[in-house]
């Protein structure tokens, strides 16, 4: 992958050197020879520079775009994996809660004392609040 990037940078530098050479030969108007039909393109120097900058910006964007897309895909897959793990964890916790709730429903006498029966309440709860428990020695 680094070889391809090196070649891309070298091509860009060669294009820049070619543009500078042509500009030095023709300071006001640039005559860029076209590869076909022996024609040439005549541009003012400012417009040629602007087009060169635009081509360089597009080239840089094409160099950055694959890395950006790869990171975005990785983030999306990590997010999906995280959501899946959270869903499974939530389902597991809900199953554990439901299981303990079912165990309490199966044996209600063990989980809560009968509120309607005062005999089932502990003696400390039945005693008067101002009564002090006596200690016998």
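The values are calculated or read from the model by the stated rules, or taken from the named source; none is laboratory data. Fair warning: this is a prediction, and the values are worked out from it, not measured in the lab. Using ideal geometry, Cβ is built from the backbone for each residue, glycine included, and neighbour counts are taken over all protein chains shown.
Taking (1) within 26 Å of residue 9 (Cα to Cα); (2) in contact with a strand residue (DSSP E or B) (Cβ under 6 Å, 6 or more places away or on another chain) in turn, residue 62 satisfies each apart from (2). Against the test of being in a helix (DSSP H, G or I) and modelled with pLDDT of 90 or more, the options 100, 92 yield a single qualifying residue, 92. What number of residues in region 22-51 are part of a helix (DSSP H, G or I), at pLDDT below 80 and surrounded by 10 or more Cβ atoms within 10 Å (Cβ to Cβ)? Looking only at that region, the number is 7. Of all residues in region 65-106, those satisfying the criterion of being surrounded by 10 or more Cβ atoms within 10 Å (Cβ to Cβ) and under 30 Å from residue 11 (Cβ atoms) are 65, 66, 68, 69, 70, 71, 72, 73, 74.
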